[in-house]
Amino acid sequence: SLLYLQEPSNKRVRPLTRVTSLANLISPVRNGAVRRFGQTIQSFALRSDSKSPGCAQKSCSRSAAPTPPKRRNSVLWSEMLDVNMKESLSTKEIKRQEAIYEMSRGEQDLIEDLKLARKAYHDPMLKLSIMSEEELTHIFGDLDSYIPLHEDLLASLGEATKPDGTVEQIGPILVKWLPRLHAYKGYCSNQLAAKALLDQKKQDRRVQDFLQRCLESPFSRKLDLWSFLDIPRSRLVKYPLLLKEILRHTPKDHPDIQILEEAISIIQGVLSDINLKKGESECQYYIDKLEYLDEKQKDPRIEGSKALLCHGELKNKNGHKLYVFLFQDILVLTRPVTRNERQAYQVYRQPIPVQELLLEDLQDGDVKMGGSFRGAFGNSDKAKNIFRVRFQDPSPGQSHTLQANDVFHKQQWVNCIRTAIAPFQPAAAAAELKELPELSEESEENNPSAPNIRAQKRQSAMSGITEMELDESTSECSSVLDSEEAKGLKTHRTSSGYRKTREKQLSGKRKETLV
């Protein structure tokens, strides 16, 4: 399974000497209750490894090799059949039963992982006060509540399995069970905030040490905590593939055919709803982290956004790192900053509404990029992967030349911006670009003392904006799937014909964009 990819074999791992469980990984304490709790964890960690003499004996040599990670049973369904049974089934039927067994086995693995996340991570960190109960609730969510959900499916599949190990009909079971996956809306919507809090808590030495020791223990299978917390989401997106695989190997005259097609439609609808909710949550998460240096930078279209089309790190003409957000109605350039160990985004210059946004796809070498190393390069150096965004009206005096890390990310940005501004651009927009007056770039915008009229006007309009230190944090990638217009969205739109055009475009499917 793709969820359980092993890490490279050349990764350096600290040898575990005399370590047989989480109980021995925690610093010695005198509290009897904690010692008893450690013994409970020890029995849990060794439950499936009790036959290993290397782990059971306390007299392990200090030069012993690291304990190998636990491996899951990867036996195929067909390997459990006797020869006579295998010969009585067609190749197509065997593949169908293999796909059904894979779904059943995946549910069993998921249930084990959800229980492991609670017993090996959540409960020890709470008992040892490594994290507070509030922090753990925020990170783990209501993960326990999903265990009965998957146990129900597993039980239904077990009841449908015949003595010979085959399942005649799986469609009715899935059609009845799949709508219950709507319960994951809240969990998936909270993942971005949960990941941010977990990353923040990893700065704590005790948290970092506990998680590292868990990673080196056999029960983790070399998966970190977030891998366990993200397994439910990974499982959700795998359901359509599993159902299509079962359908592909189901004979056309089988009663499951139409029911499986209905089940695929149901799970796609569930995932669409979850993605919509997750996208809205992600959008609001970043909106809450925006900081404004001037009241004029605030725009109702930012607060009213329900979809984040694209976001990521870009560089401006001076080589400074910016974090750019393309919401459904407005483009916002920011500078990543840190406030009390928390990531924030300081709005840079004036946000550009998409109906006033012009995009210019620049060729490599069209612009000479600056930066702290500009003197080290000759005039032959060409700036690559660049594009320019600006207001249609030159009066605001803003033009931003932006550089992506590579041609792939540049093309993603260009395509995403073009899609957003398409309803507002006339057919001759490309030709009109050449006739626009040339606007000064960020080099002048960042120098209020520049002796020119444009810089003075911009300084007057955006007084109070100062240079801030750039945070060196890496850019994050995210994706938001299909979203629709939310009720009560605050906008500056006044024309009903305009609204119809915009709603028609947003109602169609958007391709997932990673930047």
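Greater than 21 Å separation of Cα atoms is the criterion. Which listed pairs, Lys95/Lys222; Lys202/Lys238; Lys202/Lys277; Lys222/Lys244; Lys222/Lys277; Lys201/Lys289, meet it? The answer is Lys95/Lys222; Lys202/Lys238; Lys202/Lys277; Lys222/Lys244; Lys222/Lys277.
When each of the peptides 274-283, 152-161 is scored by the mean number of other C-beta atoms lying within 10 Å of its residues, the order from highest to lowest reads 274-283, 152-161. Computed extension length for Lys202-Lys176: 5.3 nm, one decimal, from 0.36 nm per residue of separation with the Cα-Cα distance subtracted. Model label points for Asp294 and Trp226, set 7 angstrom from Cα along the Cα-to-Cβ axis, are 3.6 nm apart. Charging the Cβ of each Asp and Glu at -1 and of each Lys and Arg at +1, and nothing else, the dipole of the range 75-288 about its Cα centre rounds to 420 debye. A simple charge model with +1 on the Cβ of Lys and Arg, -1 on the Cβ of Asp and Glu and nothing else charged puts the dipole of the range 303-351 at about 220 debye relative to its Cα centre. Relative protection proxy for 205-211, 252-258, 139-145, 170-176, from highest mean packing down: 170-176, 139-145, 205-211, 252-258 (other beta-carbon atoms within 10 angstrom). The label point for Asp152 and the one for Ile257, both projected 7 Å from the Cα toward the Cβ, are 3.1 nm apart. Per-peptide packing, taken as the mean over residues of other Cβ atoms within 10 Å, places 113-119, 328-334 in the sequence 328-334, 113-119 from highest down. If I take R0 = 22 Å and measure r between the Cβ atoms of Gln108 and Asp144 in this structure, what FRET efficiency does the formula 1/(1 + (r/R0)^6) give, to the nearest 0.05? E between Gln108 and Asp144, to the nearest 0.05, is 0.80.
Read-outs: derived from the displayed coordinates by stated rules, not from any lab. All figures in this text were calculated on a predicted structure; none of them were measured in a lab. Glycine gets a Cβ as well: all are built from the backbone with ideal geometry, and neighbour counts include every protein chain shown.
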